[in-house]
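Notes to accompany the following structure.
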Amino acid sequence: MIEILDITKQFGQKTVLHSLSARFGPGEVSMIIGSSGSGKSVLMKILVGLFAPDVGKVCYGTSDFFSLDIGGKTEIRKQIGMLFQNSALFDSLNVEQNVLFPLQMFGKQSVRQQLERVNHCLERVGLSGTNAMHTSQLSGGMRKRVGIARAIALEPRYLFCDEPNSGLDPLTSIKIDELIREITLESGITTIVNSHDMNSVMEIGNHICFLFRGKILWTGSKSNIMKTDCRELNDFVFATAFLKQLRTLNTD
Ligand SMILES: Nc1ncnc2c1ncn2[C@@H]1O[C@H](COP(=O)(O)OP(=O)(O)O)[C@@H](O)[C@H]1O
Ligand SMILES: [Mg+2]
């Protein structure tokens, strides 16, 4: 369980997150949705400890992250897997070395065990046998899969995915969403996914927080999102569906 309490973040004079509170439970994918600039990435960076909030708490279980000492923070960080927006693979390393990286950084296993774990993770994301491939040889979907394999290498309790579908075609997006959901369910991970993709919302959005200009205006699930009377959320749902339609028409 992750709980945020009253999170506020300013950059200079600009407040980008206003007093956010929410809970994210284990074994489910929680989604933070909202249009570009609404504050999703800043919130995720606060969740993983890359930015400190000006006000508020981030609690991992009963631990208040920002009040922990360095050792306590490191213990939590070891339990966090992160899939960055652009996959953020190390382009000078091959697939195996990318997935190996967190194991070498934090793991305590022998080299043989680390390689076994790498192969297990690659198999889990459908990329068995790609160990020696260079990142430049990978498609966008494969890069995301390698990013996921790296994110789960240390068997995280918490998984964060910032726009996992950015730059992917709709079919590949669905496969990545399914993979994130399956991994979350099978390992009881607390997963948080940032997205502005309505397909993903309707696919995996059982617990959704809608962020609008740095405020959580609505929380709910995919089953009640269409019935919402939150005007800003309606506009978001309609605009994204409409834009998708337009793009499809333009590429036909
Ligand atoms: N490091 C930063 N310094 C100053 N402003 C930032 C920084 N990062 C993000 N912002 C601002 O915070 C707001 C929210 O950004 P972001 O979280 O990236 O939005 P989203 O991920 O929803 O597209 C934007 O107005 C953005 O310009
Ligand atoms: Mg973002």
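General remarks:
- Some residue of the stretch 197-213 being basic (Lys, Arg) and more than 15 Å from ligand 1 (Cβ to nearest atom): no
- Of all residues in the stretch 15-29, those satisfying the criterion of being away from ligand 2 (no atom under 16 Å from the Cβ) and not aromatic (Phe, Trp, Tyr) are Thr15, His18, Ser19, Ser21, Ala22, Arg23, Gly25, Pro26, Gly27, Glu28, Val29.
- For the stretch 128-184, taking the residues that are more than 16 Å from ligand 2 (Cβ to nearest atom) and among the basic types (Lys, Arg), the one that is surrounded by the fewest Cβ atoms within 10 Å (Cβ to Cβ) is identified as Lys175.
- Residue that is surrounded by the most Cβ atoms within 10 Å (Cβ to Cβ), among those in the stretch 6-22 that are closer than 26 Å to Ile70 by Cβ and of a type outside the set (Asp, Glu): Leu17
- Residue match in the stretch 103-113 (condition: among the small types (Gly, Ala, Ser) and under 30 Å from Ile4 (Cβ atoms)): yes
- Ser221 being of a type in the set (S, T, N, Q), buried (at least 16 other Cβ atoms within 10 Å of the Cβ) and either at pLDDT below 95 or touching a Phe, Trp or Tyr at 6+ places or on another chain (Cβ under 6 Å) (or both): no
- Residue match in the stretch 8-18 (condition: more than 9 Å from ligand 1 (Cβ to nearest atom) and within 25 Å of Asp197 (Cβ to Cβ)): yes
- Residue within the stretch 23-46 that is of a type in the set (A, V, I, L, M, F, W, C) and surrounded by fewer than 18 Cβ atoms within 10 Å (Cβ to Cβ) present: no
- Residues in the stretch 40-65 that are in contact with an Asp or Glu (Cβ under 9 Å, 6 or more places away or on another chain), within 13 Å of ligand 1 (Cβ to nearest atom) and aliphatic (A, V, I, L, M): Met44 only.
- For first residues located in the stretch 137-155 and more than 17 Å from Leu103 (Cβ to Cβ), partners that are assigned to a helix (DSSP H, G or I) and lie 6+ apart or on another chain with Cβ distances below 6 Å form the pairs Gly141/Thr172; Lys144/Ile176.
- Residue count, the stretch 92-109 (criterion: among the polar types (S, T, N, Q), farther than 20 Å from Ile183 by Cα and surrounded by 14 or more Cβ atoms within 10 Å (Cβ to Cβ)): 2
- Any hit, the stretch 110-118, residues being modelled with pLDDT under 95 and surrounded by 12 or more Cβ atoms within 10 Å (Cβ to Cβ): no
- In the stretch 185-197, residue surrounded by the fewest Cβ atoms within 10 Å (Cβ to Cβ) [restricted to those that are more than 16 Å from ligand 2 (Cβ to nearest atom) and either part of a strand (DSSP E or B) or in contact (Cβ under 8 Å) with a residue 12 or more places away in the chain (or both)]: Gly188
- When the criteria are applied in full, Thr219 meets the requirement of being assigned to a strand (DSSP E or B), more than 16 Å from ligand 2 (Cβ to nearest atom), in contact (Cβ under 8 Å) with a residue 24 or more places away in the chain and farther than 27 Å from Ser87 by Cβ.
The values are calculated or read from the model by the stated rules, or taken from the named source; none is laboratory data. None of the values given here were measured: they were computed from a predicted structure. So basically every Cβ, Gly included, is an ideal-geometry build from the backbone, and we count neighbours across all protein chains shown.
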